[in-house]
Amino acid sequence: MTDSSLPKPIRKAVFPVAGLGTRFLPATKAIPKEMLPIIDRPLIQYAVDEAREAGIEQLIFVTGRGKTAIVEHFDMAFELEATMKDRDKSLEALAPTRIQPGNLVTVRQQVPLGLGHAIWCARAIVGDEPFAIFLPDELMIGQPGCMKQMVEAYNQVGGNLISVLEVPEDEVSSYGVIAPGKRDGALTEVMGLVEKPKREEAPSNLIISGRYILQPEVMRVLEHQGKGAGGEIQLTDAMAQMIGQQPFHAVTFAGKRYDCGSKTGFVEATLAIALEREDMRDEVRAIATRLLGLG
Ligand code: UTP
């Protein structure tokens, strides 16, 4: 495929971070869930790093009340940096928090009416181009990262893409599930989508994980979207309406996904990443072995 035949590039990403994070209360009463750290990086930092690796330039945060720490995290901390410089401390750890001026935009979701509504709140900034969505509480670890894998697939097929993974059948009713069509390697045609189906009504055990590439038309569908599962405006319902109108594919992510919106998923991610990091893995392995009574 020549460059001129590639679909429109993905330059913008929406990060819906306006949820209430009730499963992590009281930790998330004053601190956004997205600022909870896995080791030494907040969840939102992992998502932003993944976006940049995929070539995304503009980051759009859909925030709500009590979420300003997320924006502060990516702002320049002048006093901190000046003090660290005076004390001859390295500023290297702050490098991932730097964002080119103008490349971070925030919009407010005034009432948490659901993920679909949060995405719709970003419509004026997304404009008329395809865009990515990241749910930062789903931590995706892969080489390359999940969004880079999706952008590579998008460059082949265009249209809309969602990241999927297989789960045991008794877990499907907590997620958005796809009705799969033809498969070609990691790409699966999407024939239908359903949010939180009953186990016996689920069309597959392939669940939507928190990464999407969508065409701007989804905003017009969301405009008229009524409430769905859980009384919320569901992104899955809006995407389901685009099937048949535009190409729609699922990409099976080659990597690991951790559901950091749940407490056990968060602990799993912390352990897994600590056991992979060269600077701490030996020590953490020794601690885990001792705690499990295996040493
Ligand atoms: P969740 O379903 O995980 O909800 O949202 P939550 O509020 O973050 O957490 P719990 O369930 O109360 O513990 C999935 C994603 O959609 C965003 C969340 O911030 C999260 O990234 N979201 C959800 C919004 O931005 N607005 C909403 O109205 C709902």
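We did not get these values from a lab; they are worked out from the coordinates using the rules stated. The structure presented is a predicted model; accordingly, all values stated were derived computationally and were not measured. Here Cβ is always computed from backbone atoms with ideal geometry, including for glycine, and neighbour counts include all displayed protein chains.
Charged neighbours of A18, selected by a Cβ distance under 13 Å, balance to +1 (K, R count +1; D, E count -1). Segment V167..Q110, full-extension length gain: 17.2 nm, with 0.36 nm per residue of separation and the alpha-carbon distance subtracted. In deg cm²/dmol and to the nearest 500, what is the mean residue ellipticity at 222 nm of the chain if only DSSP H runs of at least 4 residues count, each as -39500 (n - 2.57), divided by the residue total? Roughly -8500 deg cm²/dmol at 222 nm, from the helical runs in the chain. By the equivalent-ellipsoid construction on the alpha carbon gyration tensor, region 233-295 comes out with semi-axes of 40, 14, 8 Å, ordered largest to smallest. Between T264 and E79, the simple spin-label model (points 7 angstrom out along Cα→Cβ) gives 4.3 nm. Relative to the dominant Cα principal axis of the chain, helix 146-157 is inclined by about 30°. In the chain, the longest principal axis of the Cα atoms and the axis of helix 281-291 are about 90 degrees apart. Tilt of helix 43-53 relative to the longest C-alpha principal axis of the chain, in degrees (0 to 90, nearest 10)? Orientation of helix 43-53: about 70 degrees from the principal axis. Quick one: Debye curve from the C-alpha atoms of region 202-241, no solvent, what's log10 I(q)/I(0) at q = 0.34 Å⁻¹? For region 202-241, the Cα-only Debye profile gives -1.17. Computing FRET efficiency as 1/(1 + (r/R0)^6) for A179 and I39, where r is the C-beta to C-beta distance and R0 is 30 Å, gives about 0.20.
Rounded, prolate or oblate, given the Cα gyration tensor of region 1-108, with a/c below 1.5 counting as rounded? It comes out oblate by the Cα gyration axes. For A229 and N103, the FRET efficiency from 1/(1 + (r/R0)^6), where r spans their Cβ atoms and R0 equals 41 Å, is about 0.75. When all alpha carbon pairs of region 1-60 are counted in 5 Å bins from zero, the resulting P(r) reads 4, 16, 20, 18, 15, 10, 7, 5, 4, 2, 0 %. If you take the alpha carbon atoms of the chain and fit the smallest convex hull around them, that volume is 170 Å³ per residue. Packing here is the average count of other Cβ atoms within 10 Å per residue, and on that basis the peptides 89-99, 155-165, 216-226, 8-18, highest first, run 8-18, 155-165, 216-226, 89-99.
For the pair T68 and V157 in one chain, pulling the backbone fully straight at 0.36 nm per residue adds 28.3 nm over the alpha carbon distance. Subtracting the Cα-Cα distance of R290 and A254 from 0.36 nm times their residue separation leaves 9.8 nm of extension gain.
Dipole orientation for region 74-233: of the candidates I141, V190, M76, M76 has the Cα lying most toward the positive pole (charges on Cβ; Lys, Arg +1; Asp, Glu -1). A Gaussian network model of the chain, with springs between Cα atoms under 10 Å, assigns the largest mean-square fluctuation among L271, L115, L139 to L271. With the cut-off at under 14 Å, measuring from each backbone N in region 158-180 to a point 7 Å along the Cα-to-Cβ line of L6 picks out 158.
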